[in-house]
1. When you go through E58, E52, E34 one by one, which is the residue that is open to solvent by 20 Å² or more (accessible area, probe 1.4 Å), over 18 Å from I92 (Cα atoms) and either β-branched (V, I, T) or not in a loop (DSSP other than H, G, I, E, B) (or both)?
2. Which condition breaks for K83 when tested against (1) within 11 Å of the chain's Cα centre (by Cα); (2) modelled with pLDDT of 90 or more?
3. What single numbered condition from (1) assigned to a strand (DSSP E or B); (2) surrounded by fewer than 16 Cβ atoms within 10 Å (Cβ to Cβ) fails to hold for N46?
4. Of all residues in region 30-49, how many are farther than 15 Å from K87 by Cα and among the β-branched types (V, I, T)?
Amino acid sequence: SIALQAVVPSNTKRNNRVYTGKENNVMINLPDAEVRKYSIKFFDENDKPVFEINKLQESGLIIDKVNFVHAEWFYYEVYEKGKLLEKDRFYIAADNKTQVPASNEKGKRNNR
């Protein structure tokens, strides 16, 4: 099972709905989640599905980084009622490392 923790969204302005926090946990910020029927799909850098979350009910969630197995770039797609809203990537750093690699040409997906 996926380790999720509900949080109260902060006043910090983020462009993306999904991003990594200070401790490399994945932060999800989806306004009005209880009525907007969001779902999220996560993929590894080889475009292999990692997991998905359907019927999100909380506007703010934290997904523990252990759910992503190892350090690398991960991709996500956010849907509202089946319609794609956002797709992007985030980096999960190895323990004791906080820097994101400067570039990742391999990580750019052509087919997504």
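1. E34
2. Only one criterion is unmet by K83, namely (1).
3. Here N46 clears every test but (1).
4. Total satisfying the criteria: 1.
The values are calculated or read from the model by the stated rules, or taken from the named source; none is laboratory data. It should be emphasised that the depicted structure is a prediction, and the values quoted were computed from it without experimental measurement. All Cβ positions, even for glycine, are placed from backbone atoms using ideal geometry, and neighbour counts span all protein chains on display. When the accessible area is computed, the model is the full protein with side chains, heavy atoms only, and any ligands, DNA or RNA have been set aside. Shrake-Rupley method; radii C 1.70, N 1.55, O 1.52, S 1.80 Å.
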